[in-house]
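Worksheet: one structure, shown below.
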Ligand code: SF4
């Protein structure tokens, strides 16, 4: 039995039951994929059903205003993703639902990973979406690299193409890889209990203890932070948006924002910082300003 078949057999027994795995509907799959970008699975589960209740179709989402989207997305973080999802829905309503990975890639906001995921999950196409988790498993299994990086993706794609099974379960393979990546083939993998250990090119290295586990594999993106603030700017931008959302339809005075989002706000040292964050939120299409007051765009 090949390692892809072993993976599927393991997945049939141990795979997670997640709401978006029960459907092949492109809209529902896309919603889950966008929500899962930078948000943990348990949190997405909480918001997924309510989003679909509010916006059950491409058409309904395409009609949604910025305010509606921002309200519904509240709690998922990185609000721009909600607006991007709405914009993709508008394009789909206009052009029709893509019928291949290549067609998905033509839509603004859909990158190579999401296009491959949609092709696999909705069309059962023979492709493997490569994200951090899948890269880790396939790089170890097929290339013998303990900590694979994006520069290995091209080789990985070639190797995955030979590795994919003949049997058509292309929608299940990435899901199985996700589950293995988060439960067994983690940063410090548990090769001894892995269903793929006999086929894995890296298992002998890990099992012999000859691979040092790096303390910080991924350099954390350097997030912009003002002076000695406790959090990066994106957290304070989120607070501004929350403030405006909760006040809506009443506008919020710009001069009232600083102390509302930061107890240590300094009117001299932090004034321009708040203004810059408001400017960024306006540029991103979340807010509009009128006479020193802001509201949802
Ligand atoms: S044997 Fe180890 S390194 Fe290979 S896929 Fe399994 S957990 Fe990952």
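The set of residues from segment 103-145 being more than 20 Å from the chain's Cα centre (by Cα) and either closer than 16 Å to residue 32 by Cβ or at pLDDT below 95 (or both) comprises 123, 124, 125, 126. When we screen 164, 180 for residues that are closer than 26 Å to residue 212 by Cα, in contact with a helix residue (DSSP H, G or I) (Cβ under 9 Å, 6 or more places away or on another chain) and outside the structural domain of residue 33 (by TED's automatic domain parsing), the only hit is 180. Could you grab me the full set of residues in segment 146-186 that are outside any helix (DSSP H, G or I), closer than 21 Å to residue 126 by Cβ and over 20 Å from the mean Cα position of the chain (by Cα)? Within segment 146-186, 164, 165, 166, 167, 168, 169, 170 meet the criteria. Consider residue 260 carefully, then state whether it is in a loop (DSSP other than H, G, I, E, B) and free of Cβ contacts under 8 Å to residues at least 40 places away in the same chain. The answer is no for residue 260. Can we say residue 140 is within 16 Å of the ligand (Cβ to nearest atom) and either under 30 Å from residue 204 (Cα atoms) or touching a residue at least 12 places away in the same chain (Cβ under 8 Å) (or both)? Criteria met by residue 140. The residues of segment 187-198 that are near the ligand (Cβ under 8 Å from one of its atoms) and assigned to a loop (DSSP other than H, G, I, E, B), listed by number, are 189, 190, 194, 195, 196, 197.
Name the residue that is surrounded by the most Cβ atoms within 10 Å (Cβ to Cβ), counting only residues in segment 138-158 that are within 23 Å of residue 104 (Cβ to Cβ) and touching a helix residue (DSSP H, G or I) at 6+ places or on another chain (Cβ under 8 Å). The residue in question is 138.
Just name the residue that is nearest to residue 16 (Cα to Cα) out of those in segment 38-76 that are assigned to a loop (DSSP other than H, G, I, E, B) and within 15 Å of the chain's Cα centre (by Cα). The selected residue is 40. In this structure, residue 225 does not qualify as touching a residue at least 12 places away in the same chain (Cβ under 8 Å), more than 16 Å from the ligand (Cβ to nearest atom) and surrounded by fewer than 20 Cβ atoms within 10 Å (Cβ to Cβ). Sort out which residues of segment 265-281 are surrounded by fewer than 17 Cβ atoms within 10 Å (Cβ to Cβ) and under 18 Å from residue 224 (Cα atoms), and write them in order of number. Those that are surrounded by fewer than 17 Cβ atoms within 10 Å (Cβ to Cβ) and under 18 Å from residue 224 (Cα atoms): 269, 271, 272, 275, 276, 279, 280. Residues in segment 103-119 that are surrounded by fewer than 21 Cβ atoms within 10 Å (Cβ to Cβ) and either part of a loop (DSSP other than H, G, I, E, B) or not assigned by TED's automatic domain parsing to the domain that holds residue 55 (or both): 106, 107, 108, 109, 111.
Is it the case that segment 90-102 has a residue that's away from the ligand (no atom under 16 Å from the Cβ), closer than 30 Å to residue 239 by Cβ and part of a helix (DSSP H, G or I)? Yes. What do you reckon, is residue 73 touching a helix residue (DSSP H, G or I) at 6+ places or on another chain (Cβ under 8 Å) and more than 28 Å from residue 246 (Cα to Cα)? No: the conditions fail for residue 73.
When segment 232-250 is filtered for residues that are surrounded by 14 or more Cβ atoms within 10 Å (Cβ to Cβ) and not in a helix (DSSP H, G or I), the ones remaining, listed by number, are 232, 248.
The values are calculated or read from the model by the stated rules, or taken from the named source; none is laboratory data. For clarity, every value in this text was computed on a predicted model and none was experimentally measured. FYI the Cβ positions are ideal-geometry reconstructions off the backbone, even for glycines, and counts take in every protein chain you see.
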